[in-house]
Amino acid sequence: MFHRRRATMAAFLLPAIVIYGAFMLYPLARGVYLSMTDSLGGPIANFVGTEQYRAMADDPKVTAALWHTVLYAAVVVVAQNGLGLLFASLLFRRPKVRKTLSVVLLTPTLVSPVMAAFIWSYLFAPEGGINALLGVLGLDSLQHVWLGDTSTALYAVAAVNVWMFAGYSCAIFLAGYMSVPTDLLDAAAVDGASGWQRFRSVEWPMLAPALTVNVTLSLIGSLKVFEFPLVLTNGGPAGATDTLTMLVYRNVFGGGKFAFGIAVSVLLLVTVVVLSSATSSLLRLRERRI
């Protein structure tokens, strides 16, 4: 009976294991192997060991792209989750408009990233909507070539990412707010705690699981960003918005350096795994301490 049960379980698991191995594990192993060859994308590939990785370590463009990727992710994670938490806190305190405003905040996530990037490229243009609005408000001194300046381009691209997914973070935080016991909030109010004291001592600790989910998802998504820098700046100006995904795309599909591009993709994979795992572990440790 026991062996029959194990055989039944194995039979149900086998299709999933085969699919996972065929579409996840094999491509991953194949990619790592190709990164150690001189492949140009064709059937001929000679094993060269770590040559591509040594070339990658000596390439300043890879170092710059890695820094841009990490900086971009840091800006997006902080801004997106900060805004999401602020919106969730406000909506939690206003139940009459909660559903309506939640739908409004989630609407940008329904737009494809490519379409959103095209829309914002017009808004960020020198004669676009943002500079026009600043002119109407009498803030002409703040008008700027947002996507054409190396000091602002990366942050402008990050702002589009934040605009698109802040509502998603808000929804997760709002779900966390719904799990906060009202008895605790009522008791804190009776004890004379201010709004900030209630947030710091009651709400913030109870939102730890939602924070873990939000930070992990936003970190992984922003490290893998591709559509926004591709459409908005194509990596410019002067490489200021080049990310690891842009280098992979440029080398694999247009640069004639297929194996080098695959090596950069392996670097991206390691970066995502290390940073997301470390961040998630630290946040879960914080959950257990609360």
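Under a Gaussian network description of the chain, with springs only between Cα atoms under 10 Å, the residue in V252, V264, V104 that fluctuates furthest is V104. With a 1.4 Å probe and all protein chains left in place, how much of the accessible area of the range 55-289 comes from carbon and sulfur atoms, in whole percent? Using a 1.4 Å probe with all protein chains present, the range 55-289 comes out at 69 percent carbon and sulfur. Kirkwood-type hydrodynamic radius, the range 12-98: 17.8 Å, calculated from all non-identical alpha-carbon pairs. Taken about its Cα centre, the chain carries a charge dipole of about 1200 debye when Lys and Arg each add +1 at the Cβ and Asp and Glu each add -1 at the Cβ. Taking a straight Cα-Cα cut-off under 20 Å and skipping sequence neighbours fewer than 8 places away in the same chain, the lysines within cross-link reach of K257 are K61. The length gained on full extension between W196 and E287, counted as 0.36 nm times the residue separation minus their Cα-Cα distance, comes to 30.7 nm.
Helices meeting the span-like rule in the chain (full DSSP H runs, Cα extent of at least 30 Å along the helix axis, mean Kyte-Doolittle score of -1.0 or higher): 60-92, 153-178, 258-289. Here L13 and A187 are evaluated by their C-beta separation; at R0 = 51 Å the FRET efficiency comes out at 0.60.
According to the square roots a ≥ b ≥ c of the eigenvalues of the Cα gyration tensor, what is the shape class of the range 142-192, taking rounded for a/c under 1.5, prolate for a/b larger than b/c otherwise, and oblate for the remainder? It comes out prolate by the Cα gyration axes. Between M178 and T150, the distance separating the two model label sites (each 7 Å from Cα on the Cα→Cβ line) works out to 4.8 nm. In this structure the range 55-289 gives 51 Å² per residue of accessible area when probed at 1.4 Å with all protein chains present. In this structure, the amide hydrogen of T37, modeled 1.01 Å from its nitrogen in the peptide plane, lies closer than 5 angstrom to those of V48, counting only residues at least 5 positions away or on a different chain.
The values are calculated or read from the model by the stated rules, or taken from the named source; none is laboratory data. As the structure is a computational prediction, the values presented were derived from the model and not from experiment. Here the Cβ is made from the backbone with ideal geometry for all residues, glycine too, and neighbour counts use every protein chain on show. Only protein heavy atoms, including side chains, enter the accessible area calculation; ligands, DNA and RNA are left aside. Shrake-Rupley method; radii C 1.70, N 1.55, O 1.52, S 1.80 Å.
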